[in-house]
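First the structure, in the form of structure tokens, and then the observations on it.
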Amino acid sequence: MSTTGDSTTRAEWPLYEVFVRGKRGLNHVHVGSLHAADDRMALTHARDLYTRRNEGVSIWVVRSEHITASTRDEKDPFFSPSADKVYRHPTFYDIPEDVPHI
Amino acid sequence: MTTPNATVPAEGAQKPLQEHFDATIARDQRIEPRDWMPEGYRRTLVRQIAQHAHSEIIGMQPEGEWITRAPSLRRKAILFAKVQDEAGHGLYLYSAAETLGVDRADLTQRLIEGRQKYSSIFNYPTLSFADVGVIGWFVDGAAICNQVPLCRSSYGPYARAMVRICKEESFHQRQGYELLMTMMRGTEAQREMVQDAVDRWWWPSLMMFGPPDGDSPNSAASMAWKIKRHSNDELRRRFVDMTVPQADKLGVTLPDPELRWNPERGRHDFGTPDWSELQRVISGDGPCNSERMERRRSAHEEGAWVREAATAHAAKQAARAEEGAVA
Ligand SMILES: [Fe+2]
Ligand SMILES: [Fe+2]
């Protein structure tokens, strides 16, 4: 709990989440977060902080508050539609051993 | 993602949550930011991660003092990159701490007001350029011993920050050792500088692992929660075993008359650090505590106008963009 004018100002630098594409052919992956005054500063900070050694060829930054997430409980019924459809998996189907390439 | 674990469930509802948490730890799976976690686990993590972050940030100072006085452009560039990495380590860790629902600015404030601690090692002075080498070799070497097991820490964001950090520490340790090898090939005076730096940094480096196990009250809980994977004494022994052959190769003597190989145990026996010194340095009475804190405080205060200007600029740009959109 701080009431100094300075930390009030600091608190106005919003939090950004940073995603980096390691190299061509890969997805962007979440690597961490940082604070910046605006989008452009977030990008340059992300470059300086997360790609000092060629760790990336592309960076996305997004304000943390703009991310919508599922609830925190992994047992949430939200995910249950994906759990009870075994026929979505190739192993659900019995194919004789001697059928090639399947 | 940084949504804190804010809601405290009622007594009855807490039991299945606790069981789920315990089972996740038992299966050696990671706890992630939005999971329910016991308050003690969260508090322990915040304290440990913040302290770790502060150590990286304060840790820039002892070596940073030598950037302008590095003996060659090569050494200057290396030292610059190394110190910059330490800033990065601090920021990775503050980022991990924020996933637990704390605010970064508040952590900085706590450091500046002396309400949170940082590693005792950074309260010792760097008297010669050989200290830069010895810090890389000992201090970053000790950090590696500490941090490699933390890559498997039970809290996901902390473990991932550690993976990132460990990748960079190897450069830190090697540049230090190489610097010392170069000095050892130099003049007699240079060799003496190296030995002097080794003599001054050895015991404080052993103290980096914290008090002896019998005297480390928080360790048991941290190990049960798999935040920490090894005890202080175990990590200290690993560091000694790792460093002794490196000292031999370098041609320096570690300043401990009790240090010798114990063939039965397959490890080195070594002397006991002066724990009262550690206590003194931790409680604020080390050679450089006030200097380090003062420097951190003034850097924060002198940077305030930059932060304010950036905020004002961002607000102005946003207002202009809005006007443009309306017009
Ligand atoms: Fe570091
Ligand atoms: Fe380091």
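Odds and ends about this structure:
- Kirkwood Rh in Å, taken over all unlike Cα pairs in the stretch B:142-283: 16.8 Å
- Applied to the stretch B:240-255, the Karplus parametrisation 6.51 cos²θ - 1.76 cosθ + 1.60 on θ = phi - 60° returns per-residue 3J(HN,Hα) values of 4, 4, 6, 7, 4, x, 5, 5, 4, 4, 6, x, 10, 10, 7, x Hz, with x for Gly and Pro.
- Principal semi-axes in Å for the stretch A:15-69 [√(5λ), Cα gyration tensor, largest first]: 18, 14, 8
- Loop trypsin sites (Lys or Arg not before Pro), the stretch B:169-270 (other Cβ atoms within 10 Å of the site Cβ: 11 or fewer; DSSP): B:Arg185, B:Arg265
- The share of alpha-carbon pairs in chain B lying farther apart than 24 Å comes to 60%.
- For the stretch B:284-327, the normalised intensity computed at q = 0.17, 0.22, 0.24 Å⁻¹ comes to -0.61, -0.75, -0.80 (log10 of I(q)/I(0), Debye sum over alpha carbons, equal scatterers, no solvent).
- Nearest-0.05 FRET efficiency for B:Ser283 and B:Gln84, computed from C-beta distance (R0 35 Å): 0.70
- For the stretch A:32-67, the residues whose amide N sits under 15 Å from a probe point set 7 Å from the Cα of A:Arg21 along the beta carbon direction are A:55-61.
- Cross-link reach list, lysines versus B:Lys226, counting only Cα pairs under 28 Å and skipping chain neighbours closer than eight places: A:Lys75, B:Lys15, B:Lys117, B:Lys167
- Compactness check for the protein assembly as shown: Cα Rg over 2.2 N^0.38 Å is 1.12.
- As an equivalent ellipsoid, the stretch B:117-157 spans semi-axes of 26, 12, 6 angstrom, where each value is the square root of five times an eigenvalue of the C-alpha gyration tensor, largest first.
Computed from the coordinates by the stated procedures, all read-outs in this text should not be read as laboratory data. Bear in mind that the values here come from a model prediction, so they are computed numbers and not experimental data. Glycine also receives a Cβ, built like all others from the backbone with ideal geometry; neighbour counts cover every protein chain displayed.
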